[in-house]
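What follows is calculated from the coordinates using simple rules that are stated; it is not laboratory data. Computed from a prediction, not measured in an experiment: that's the story for all the values here. Here Cβ is always computed from backbone atoms with ideal geometry, including for glycine, and neighbour counts include all displayed protein chains.
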Amino acid sequence: MAHPPVPLTVQGEARVFGHDPAAVTLQVVPRTTGWRAGRALRWLAAGVIVAPVVAVLPPHAPWAVAAGTGGVVLALRKWGERFTLVGLEGSCPRCGAPLVHHGSTPLKTPHSTACEGCGNPVALHVDLSDVEAG
Ligand SMILES: [Zn+2]
C-alpha cells in the first residue's frame with residue numbers, strides 16, 4: 001500500500017453574486033496521472049462487467065448501453081479529477097455562516113458549493129497553478 005496522500009492547503013476566494021468575496025482555505029489532494037488512469041480504468045472495467053449482467057433484464061439493450069455509458073462517463077470524470085477537495089475553511093460571503101465540506105469530491109474550477117446557512121450557491125475560486133500535479 002502506498003502512503004496516504006498529504007492534502008495541500010491552498011488559498012481561495014468564495015464568491016456570491018452581489019457580495020464581496022470572502023477568503024477561504026481549501027485542503028486539496030493532488031492526483032497523479034497514474035492514480036487517475038487507475039481509477040478511470042476501474043470504472044471502464046466496471047461498465048464492461050456490469051453491461052452483460054444487466055442486459056439479461058428486459059428491455060435488455062438499453063440497460064447494457066446505460067451501464068456501458070455510465071462506466072465511460074465515470075471513467076472520464078475520474079480522469080479529469082486533477083485535485084480532490086477534502087477540506088474547506090471559510091465563511092459565506094452573503095450570510096457569514098461557516099462553509100462546510102463533507103467527504104471528498106473532485107475539485108472543479110470554479111468549484112460550486114452551497115451555503116448551509118442561507119442556501120445560496122457559493123463559487124470557490126482557487127489558483128492551482130502553484131500546486132499543479134506533475
Ligand atoms: Zn450563506
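Just a few scattered comments:
- The alpha-carbon positions of the chain define a convex hull whose volume is 138 Å³ per residue.
- Extension reserve of the PHE17-THR32 stretch, reckoned as 0.36 nm per residue once the Cα distance is removed: 2.0 nm
- Residues whose amide H comes within less than 5 Å of that of THR84, counting only those at least five positions distant or on another chain, are VAL29, ARG31, LEU107 (H built at 1.01 Å from N in the peptide plane).
- Per residue, the chain reaches -10500 deg cm²/dmol at 222 nm when only DSSP H runs of four or more residues are counted, each adding -39500 (n - 2.57).
- Once the Cα atoms are used to define both axes, helix 61-79 deviates from the longest principal axis of the chain by about 40 degrees.
- Under the Karplus curve 6.51 cos²θ - 1.76 cosθ + 1.60, θ = phi - 60°, whole-Hz ³J(HN,Hα) for the stretch 6-23, x wherever Gly or Pro sits: 8, x, 9, 9, 10, 8, x, 10, 9, 10, 10, 4, x, 10, 5, x, 10, 6
- Using θ = phi - 60° in the Karplus curve 6.51 cos²θ - 1.76 cosθ + 1.60, the 3J(HN,Hα) couplings for the stretch 117-122 round to x, 10, x, 6, x, 10 Hz; x is entered for Gly and Pro.
- Spin-label model distance (nm) - THR9 vs ARG42, 7 Å beyond Cα toward Cβ: 2.9
- The length gained on full extension between THR69 and VAL53, counted as 0.36 nm times the residue separation minus their Cα-Cα distance, comes to 4.3 nm.
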